[in-house]
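Here's the structure, in structure tokens; my notes come after.
The values are calculated or read from the model by the stated rules, or taken from the named source; none is laboratory data. Note that the coordinates shown come from a computational prediction; the quantities given were computed from them, not determined experimentally. When we count neighbours, we look across all protein chains shown, and the Cβ atoms used for this are built from the backbone with ideal geometry, even at glycine.
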Amino acid sequence: MPHESSPETRSIAYTRRYVQEIRSRIHRRRVFLTGDGHLGTGPEDLREGDVLCGMMGAEVPLALRENGSGQYSVVGETYVDGCMDGEVVEKGLAMREVYLV
């Protein structure tokens, strides 16, 4: 068994803390991959076909679900690698108006 202060023991302790932190952050979250290959996390009830939207004034992309009549409801906040902190706007993606219910 490694000594308490050995590099191996410290590495194991660090790894355990890291895994616990990840688990706490993704508890009740769903990991997903967007159509263009971005990795993200979102609400656990996120479904295939939901739309990710970078809304003006929102700090994070939102997952929206169309209700069938051209209106959308908010499913929840998401984290999407490469699409945070205004990166969506910088990419010059198409903008459109949506109606939330």
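Details
- Looking only at residues in the range 5-44 that are surrounded by fewer than 10 Cβ atoms within 10 Å (Cβ to Cβ) and among the small types (Gly, Ala, Ser), the one that is nearest to ASP81 (Cα to Cα) is GLY37.
- Residues that are assigned to a loop (DSSP other than H, G, I, E, B) and within 14 Å of the chain's Cα centre (by Cα) within the range 59-79 comprise GLU59, VAL60, PRO61, THR78, listed in sequence order.
- The residues listed here are LEU52, LEU62; of these, the one that is in contact (Cβ under 8 Å) with a residue 12 or more places away in the chain and in contact with a Pro (Cβ under 9 Å, 6 or more places away or on another chain) is LEU52.
- Yes/no for ARG47 being modelled with pLDDT of 85 or more and assigned to a loop (DSSP other than H, G, I, E, B): yes
- Some residue of the range 76-99 being touching a Phe, Trp or Tyr at 6+ places or on another chain (Cβ under 6 Å) and at pLDDT below 90: yes
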